[in-house]
Amino acid sequence: MITARCHPKLAPLLPRPTVAGDALPEWLRQMPSEVTAETLRGEAVRTLKHCPPIIDALSGGVLIPLATDVHVCDGEMAWDWDPPVLDDALITRSPVGVHVPEQASGAPFTLQTNAVVKFMNFWTLEAPKGMSLLFTHPLNREELPFRTLSGIVDCDLFRDGYVHFPALWTAPDFEGTLAKGTPVAQVFAIPRAEQSLTVADMDADAIARNREIQSALGAERGVYRKRFRHANSHG
C-alpha cells in the first residue's frame with residue numbers, strides 16, 4: 001500500500017491522489033465497443049475497450065493530480081491559487097515550476113518550449129518496506145498536452161520528502177486550462193531488487209503449450225481474460 005500525506009493546512013485545497021481504477025479517462029467510457037473497419041471491408045471489430053492489458057495499465061497504481069487549474073495562453077502558464085503560507089514547512093506555493101533547457105542537455109528530448117515543465121507535488125508518498133516507487137506519465141493518456149518523465153525513488157526511505165514531476169510540454173499550440181485534478185503522474189510500487197533474466201530456447205513442452213495458447217487465441221474471444229488474467233491485481 002502507498003501512503004500519501006499532505007500538510008493539514010493544504011488538505012482542504014488539494015485534490016487527493018486516487019487509485020487509478022477509480023479515475024479512468026472519459027474517452028475510455030465514451031469509446032464504442034465495436035466499430036466497422038473499412039480496411040476489412042466493413043467487418044465489425046472490437047475496440048481497445050476490450051483489451052485487458054490496456055485497461056489494466058490505465059487502472060494500475062495511483063494517480064497524482066494537478067493541485068489547481070493552470071491556464072495556458074500564448075505559451076505562458078498562470079493560475080489563481082493562494083494557498084496558505086506554511087511557517088512550519090519548506091515547500092513552494094507554486095503549482096508549476098520549470099527546469100531550464102540546459103538541464104536536459106544531451107538527452108534525446110524534443111523541447112517544444114524553452115524549459116522543461118515541473119509539476120509540483122504537495123503530497124509525501126511512502127512505499128512499503130523494501131519497495132520503491134516508479135513515477136511515470138499516466139499510461140495511455142495521449143490526450144494530455146505534456147509527457148511526464150519517468151523516475152524511480154526509494155520512497156520507503158524517502159517517505160517524508162516531496163517528489164516532483166518534470167514533464168515535456170508536447171502541445172505547443174495548446175490554449176486553455178489544465179483542470180485541477182488532471183493526472184500528472186502515475187505511481188507504481190515495485191520491488192527494490194536487482195533484476196535478473198534467463199534467456200533460453202523453448203523445449204518440446206514449451207512449444208506445445210505455446211501452440212495450444214496460440215490456437216485458443218485464434219479460436220475464442222477473451223482467452224487471456226478468462227484463463228490468465230488475475231482479477232484486481234493491477235491496482
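A few points about this structure:
- Hits in region 111-124 - residues which are open to solvent by 10 Å² or more (accessible area, probe 1.4 Å), in a strand (DSSP E or B) and either in contact with a Ser or Thr (Cβ under 6 Å, 6 or more places away or on another chain) or touching a residue at least 60 places away in the same chain (Cβ under 8 Å) (or both): Thr124
- Elements of the type strands (runs of 3 or more DSSP E) sitting completely within region 131-235 and holding at least 1 residues that are among the hydroxyl-bearing types (Ser, Thr, Tyr): these cover 131-136, 146-148, 176-178.
- Residue-level check: of (1) within 30 Å of Ile91 (Cβ to Cβ); (2) over 26 Å from the mean Cα position of the chain (by Cα); (3) among the acidic types (Asp, Glu), Glu38 misses just (1).
- Residue ID - least open to solvent (accessible area, probe 1.4 Å), chosen from residues in region 25-36 that are closer than 20 Å to Leu144 by Cβ and free of Cβ contacts under 8 Å to residues at least 24 places away in the same chain: Met31
- Region 100-125: number of residues that are modelled with pLDDT of 85 or more and within 21 Å of His71 (Cβ to Cβ): 7
- Of all residues in region 37-67, exactly one satisfies the criterion of being surrounded by 13 or more Cβ atoms within 10 Å (Cβ to Cβ) and among the acidic types (Asp, Glu), namely Asp56.
The values are calculated or read from the model by the stated rules, or taken from the named source; none is laboratory data. Since this is a predicted model, take the numbers as computed values, not measurements. Positions of Cβ are backbone-derived with ideal geometry, glycine not excepted, and every protein chain shown enters the neighbour counts. Ligands, DNA and RNA are excluded from the accessible area calculation, which covers all protein heavy atoms including side chains. Shrake-Rupley method; radii C 1.70, N 1.55, O 1.52, S 1.80 Å.
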